[in-house]
Amino acid sequence: MGRDFVYVILGGGVAAGYAALEFVRRGVGRGELCIISEESVPPYERPALSKGYLLPEAPARLPTFYTCVGANDEQLPPIWYKEHGIDLVLGTRVKSANVQLKQLTTTTGETITYKILIIATGARALKLENFGISESDAENVCYLWNLTDANRLVGLMQEYRGGNAVVIGGGYIGMECAAALATNRMKVAMVFPDAYCMSRLFTPKIADFYESYYKSKGVIFFKRNALASFDNDLKGKVKAVILKDGTHLPADLVVVGIGIRPNTNLFEDQLQLEKGGIKVNGQMQSSDPSVYAVGDVAAFPVKQFGNEIRRLEHVDAARKTAKHAVAAIMARDAGDLDYLPFIYSRVFTLSWQFYGDNVGRVVHYGDFSSGNFGAYWIDKGVVVGAFLEGGNKGDNEAIAKVVRLKATVNDIAELQRAGLEFALCK
Ligand code: FAD
Ligand code: NDP
């Protein structure tokens, strides 16, 4: 049995939702587009899972965060796909792909052929097993990547309200989940190997602000440390986490966020890879002209960084690469994507934004004790990155602009003194 489409999107996450909307806006015909997703619901804004979804009061639930509400655009509920003649094949995993034959095969044995394929398979969470730790599948150990994971975490928070939570990993998932757990009145311990949290992006000074804030909310940090093993009860449930230095942390629930790997496996022998992702050009087209890749799985040339190939694991990149791929496919006059990397997070009542690249010399500014601060990264005399905590819309647009313009910095001391004003005056 088989079906044939002009366009197939493999994966039904953030990028797929934004690509679908762009296809419709550019006039895709009924029956021409198919989306195949392992998930059982249409594309939704994945960032909601570690924020609104985990709130103790009035938590976010579908349909409120179907794509594309995250970009203040149209919300696409299941009926939208039907109304536009898009085949949404949910709860279905593609087990093999043949790029030469332009054919995908699902685990149910169905074959789906395409003229143009967009790979939007995203990434998967690394498991503790990858680091030689067993019992990672115990009923009170959670990862957070999809709705099933989020529902499990919500259930455990309700079951163990006021109990002990251990968060393994001090990156994005670790920080956002620790904040959610503390907001749910759990006693939270965070464990990670580095000297400070969010070391892929933060400077020690920026990290110190957030760690102090978390401590004020009762979170305890075990830094330069790692999980060695679990202590389980007779039913296999984790009772305590044992760290490399011998510390025993009581645990009613454990949340693990120790990084991700892009889902390239179906294409590894068939398409060119780089930076762990599927290498594409500025139109998101892979080494096979009929195949495009977008979102977390794509490694693309970032014009802003002199066309250096990067793989970005953030929602804004997923949205924009997806829209650009569809523009390139449908209009053929899209040119190369000119993308300014953007990351954000919201925890407790805090909110930060970052644009560009965190390389070169860092200039911090503002008042770190009151939470009114930011930083610029200066490389070869120009601003290449900017971070701001608590900015309003205009402030955030201003820091984005100085990075986009690569504003020249003649005097570091003056930049430090001017702080946000430097960006607002440009
Ligand atoms: P995904 O959204 O991961 O979608 C991939 C899809 O492909 C999934 O539906 C998956 O089931 C499907 N799939 C994979 N393989 C197959 C297969 N073989 N067959 C069928 N289907 C398949 N980024 C930010 O910038 N800010 C945030 O605040 C933020 N918060 C986040 C919070 C959480 C909890 C998580 C997990 C991520 C967060 N991110 C955030 C990252 C952001 O969500 C991702 O960058 C984004 O989802 C990537 O979109 P994507 O479409 O490439 O992949
Ligand atoms: P990250 O790469 O952000 O962080 C991984 C963390 O795990 C680091 O602190 C790392 O420490 C730590 N770690 C690695 N190995 C171990 C170990 N064996 N024991 C304990 N800690 C360990 O990955 P996340 O899982 O946090 O996030 C996954 C993805 O989700 C990210 O790529 C991110 O882009 C996305 N995401 C983005 C959000 C946002 O943009 N706001 C929010 C949520 C998710 P060290 O650095 O010391 O190695």
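The values are calculated or read from the model by the stated rules, or taken from the named source; none is laboratory data. Every value quoted in this text rests on a predicted model; they were computed, and no experiment measured them. So basically every Cβ, Gly included, is an ideal-geometry build from the backbone, and we count neighbours across all protein chains shown. These area figures cover heavy atoms from the full protein model, side chains too; ligands, DNA and RNA do not enter into them. Shrake-Rupley method; radii C 1.70, N 1.55, O 1.52, S 1.80 Å.
Key figures
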quantity: Among the candidates 109, 122, residue that is open to solvent by 10 Å² or more (accessible area, probe 1.4 Å) and touching a helix residue (DSSP H, G or I) at 6+ places or on another chain (Cβ under 6 Å); calculated: 122
quantity: In the stretch 412-426, the residues that are open to solvent by less than 20 Å² (accessible area, probe 1.4 Å) and not in a helix (DSSP H, G or I); calculated: 419
quantity: Sole exception among (1) at pLDDT 95 or above; (2) out of contact with any Asp or Glu (no Cβ under 7 Å at 6 or more places or on another chain) for residue 93, by number; calculated: (2)
quantity: Qualifying residues in the stretch 185-213 (those that are within 11 Å of ligand 2 (Cβ to nearest atom) and buried (at least 19 other Cβ atoms within 10 Å of the Cβ)) - the one nearest to the chain's Cα centre (by Cα); calculated: 198
quantity: Members of the stretch 56-71 that are more than 16 Å from ligand 2 (Cβ to nearest atom), open to solvent by 10 Å² or more (accessible area, probe 1.4 Å) and not hydroxyl-bearing (Ser, Thr, Tyr); calculated: 56, 57, 58, 59, 61, 62, 63, 69
quantity: Qualifying positions in the stretch 293-322 - open to solvent by 10 Å² or more (accessible area, probe 1.4 Å) and among the β-branched types (Val, Ile, Thr); calculated: 309, 315
quantity: Number of positions in the stretch 324-371 that are among the aromatic types (Phe, Trp, Tyr) and more than 16 Å from ligand 1 (Cβ to nearest atom); calculated: 2
quantity: Test set (1) surrounded by fewer than 16 Cβ atoms within 10 Å (Cβ to Cβ); (2) under 30 Å from residue 5 (Cβ atoms); (3) outside the structural domain of residue 276 (by TED's automatic domain parsing) - residue 290 fails condition number; calculated: (3)
quantity: Residues being out of contact with any helix residue (DSSP H, G or I) (no Cβ under 8 Å at 6 or more places or on another chain) and either modelled with pLDDT under 95 or within 13 Å of ligand 1 (Cβ to nearest atom) (or both) - total across the stretch 22-38; calculated: 3
quantity: First in the stretch 332-351 and under 30 Å from residue 49 (Cβ atoms) and away from ligand 2 (no atom under 16 Å from the Cβ), second anywhere and modelled with pLDDT of 95 or more and β-branched (Val, Ile, Thr), Cβ under 7 Å, 6 or more apart; calculated: 337/321
quantity: Residues of the stretch 15-44 satisfying the condition of being closer than 21 Å to residue 313 by Cβ and touching a Cys at 6+ places or on another chain (Cβ under 8 Å); calculated: 17, 18
quantity: Residue match in the stretch 47-55 (condition: of a type in the set (Lys, Arg) and more than 16 Å from ligand 2 (Cβ to nearest atom)); calculated: no
quantity: Residue that is not in a strand (DSSP E or B) and not hydrophobic (A, V, I, L, M, F, W, C), where the choices are 351, 369, 345; calculated: 369
quantity: Scope the stretch 249-273; condition open to solvent by less than 30 Å² (accessible area, probe 1.4 Å) and within 20 Å of the chain's Cα centre (by Cα); matching residues; calculated: 255, 256, 257, 260, 262, 264
quantity: Single unsatisfied condition, residue 91 versus (1) on the phi > 0 side of the Ramachandran plot; (2) in the same structural domain as residue 28 (by TED's automatic domain parsing); (3) over 26 Å from the mean Cα position of the chain (by Cα); calculated: (3)
quantity: Breaking point among (1) assigned to a loop (DSSP other than H, G, I, E, B); (2) open to solvent by 40 Å² or more (accessible area, probe 1.4 Å), for residue 88; calculated: (1)
quantity: Residues of the stretch 138-161 classified as modelled with pLDDT of 95 or more, farther than 20 Å from residue 261 by Cα and in contact with a Lys or Arg (Cβ under 8 Å, 6 or more places away or on another chain), total; calculated: 1
quantity: Yes/no for residue 182 being at pLDDT 95 or above, within 16 Å of ligand 1 (Cβ to nearest atom), open to solvent by less than 30 Å² (accessible area, probe 1.4 Å) and in contact with a strand residue (DSSP E or B) (Cβ under 6 Å, 6 or more places away or on another chain); calculated: no
quantity: Residue within the stretch 3-11 that is under 28 Å from residue 289 (Cα atoms), within 9 Å of ligand 1 (Cβ to nearest atom) and touching a Gly at 6+ places or on another chain (Cβ under 9 Å) present; calculated: yes
quantity: Candidates 382, 362, 403, 409 - the one that is touching a Gly at 6+ places or on another chain (Cβ under 7 Å) and open to solvent by 10 Å² or more (accessible area, probe 1.4 Å); calculated: 409
quantity: Residue in the stretch 214-233 that is in a helix (DSSP H, G or I), in the same structural domain as residue 249 (by TED's automatic domain parsing) and over 23 Å from the mean Cα position of the chain (by Cα) present; calculated: yes
quantity: Residue selected from the stretch 33-55 under the condition of a type outside the set (A, V, I, L, M, F, W, C) and open to solvent by 60 Å² or more (accessible area, probe 1.4 Å), by the criterion nearest to residue 151 (Cα to Cα); calculated: 40
